[in-house]
Amino acid sequence: RGVLISETMAGSPSAVCWQIGAGWLRNYTEIPRAQIDAELSEPLELAPKADGRVEVLIMHTHATESYQTWPDPVFNSGYMARSKSTALNMCAVGEKMAQVLNAAGIRTLHDETLYDAPGYTDSYKRSRAGVQAYLERYPSIKVVLDVHRDAIEDSDGTRVKPVCEIDGESTAQVMVIAGCGNGSSIALPNWRLNLRFAAEWEAAMESAYPGLTRPVLCGYRFYNQDLTTGSLLIEIGGHANTLDEALRAGEYAAKALAGVLGG
């Protein structure tokens, strides 16, 4: 057991981190800032259709990721923060986000498949097949959100809880990850469109709820983000956060997203 650390993680100007609107972006690629800024200046084209067709899919490659089940600011190193219960794991957060989006008029499906229940090996292969099946059945889906939680620890193993305060309540911080293609081993030909989406969402979250986000991570990551031009991974808190903190974060992130998508 040990005392965990609560930290509000924010962006700070540097060669790899800069402001994008009200939010921040951290660039872990070799792509120059000028090129990324030029991409972000282009318009976002993800507005939902007026005919009520499904536009958003929320799913979880690592659905069994979960949170602390106790409110005390201590951690148990033996607690792995995993659960097959959809009331406790990432599916609970995804369901909250789907409810908010649907209430805002953004037609949203929520896939509660536990793609990692057989084990982490090949979980992305399984979730890829699952998303492809949804896209085949619902071709109007433009946005696919892979909702995870992070696991942040100091070098000595102390668990760190990314947290902010919104309306007087402790709320998990969130981080959007936008993968970038490297022209060879990571094939994401339309990564620029995903990045525009990430930047818009990041700025909307920070504008409405200052402190809610950690900077967008732009890196050489794949995460099946070639399947649509609105594919992103979002980390809702970490393994030291409580489920209530994560549910609040999911609600706020979805409210900001509804604004981006025109809800």
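Which length gain, in nm to one decimal place, applies between residue 244 and residue 122 when the Cα-Cα distance is subtracted from 0.36 nm times their residue separation?
Using 0.36 nm per residue and subtracting the Cα-Cα distance, I get 40.9 nm.
Can you list which of the GluC sites (Glu not before Pro) found in region 8-110 are DSSP loop residues with at most 13 other C-beta atoms within 10 Å?
Taking region 8-110 and a limit of 13 other Cβ atoms within 10 Å, the loop GluC sites (Glu not before Pro) found are 30, 45.
Along the Cα-to-Cβ line of residue 41, 7 Å from the Cα, sits a label point; which residues in region 180-220 have backbone N less than 16 Å from it?
196
Under a no-solvent Debye model with one identical scatterer per Cα of region 37-150, what's log10 I(q)/I(0) at q = 0.11, 0.21, 0.23 Å⁻¹?
For the requested q values the scattering log ratios are -0.45, -1.12, -1.23.
Using unit Cβ charges (K, R positive; D, E negative) and no other charged atoms, how large, in debye to the nearest 20, is the dipole of region 148-263 about its Cα centre?
The dipole of region 148-263 has a size of about 460 debye.
Putting +1 on Lys and Arg Cβ atoms and -1 on Asp and Glu Cβ atoms, find which of 145, 157, 131 reaches farthest to the positive end of the dipole of region 76-212.
Positive-most Cα among the choices belongs to 131.
What shape does region 9-98 have by the C-alpha gyration tensor, where a ≥ b ≥ c are the square roots of the eigenvalues, rounded means a/c under 1.5, and otherwise prolate means a/b greater than b/c and oblate the rest?
oblate
Just to be sure I understand, if you calculate Kirkwood radius over Cα pairs in Å for this structure, which of (1) 21.9; (2) 18.5; (3) 24.5 do you get?
Working out Kirkwood radius over Cα pairs in Å from the coordinates points to (2).
Project the alpha carbons of region 133-242 onto their principal axes and report the range along each, largest first, in whole Å.
41, 33, 25
Nearest 20 debye, what's the magnitude of the dipole of region 98-160 about its Cα centre given +1 on Lys and Arg Cβ and -1 on Asp and Glu Cβ?
460
Name the lysines eligible as straight-distance cross-link partners of residue 255: C-alpha to C-alpha under 17 Å, and not fewer than 8 places from it in the same chain.
96
Let me know the charge dipole size of the chain about its Cα centre in debye, to the nearest 20, where only the beta-carbon of Lys, Arg (+1) and Asp, Glu (-1) is charged. The partial results should precede the final answer.
Values: 23 positive and 32 negative charges, 107 e Å.
Roughly 520 debye for the chain.
Give the aspartates and glutamates reachable from residue 84 as a straight Cα distance under 20 Å; neighbours fewer than 8 places away on the same chain don't count.
The reachable aspartates and glutamates, counting only those whose Cα sits under 20 Å from residue 84, are 65, 95, 111, 112, 116, 122, 146, 150, 235, 244, 245.
With a 1.4 Å probe and every protein chain left in place, work out the accessible area per residue of the chain in Å², rounded to a whole number.
Details: 11260 Å² over 263 residues.
Per-residue value: 43 Å².
Using a 1.4 Å probe on the protein chains only, how many percent of the accessible area of the chain belongs to carbon and sulfur?
49
Protein chains only, probe 1.4 Å: how do 114, 145 rank by accessible area, largest first?
Most to least solvent-accessible, the answer reads 114, 145.
The values are calculated or read from the model by the stated rules, or taken from the named source; none is laboratory data. None of the values given here were measured: they were computed from a predicted structure. No Cβ is skipped: glycine too gets one built from the backbone with ideal geometry, and neighbour counts run over all protein chains shown. These area figures cover heavy atoms from the full protein model, side chains too; ligands, DNA and RNA do not enter into them. Shrake-Rupley method; radii C 1.70, N 1.55, O 1.52, S 1.80 Å.
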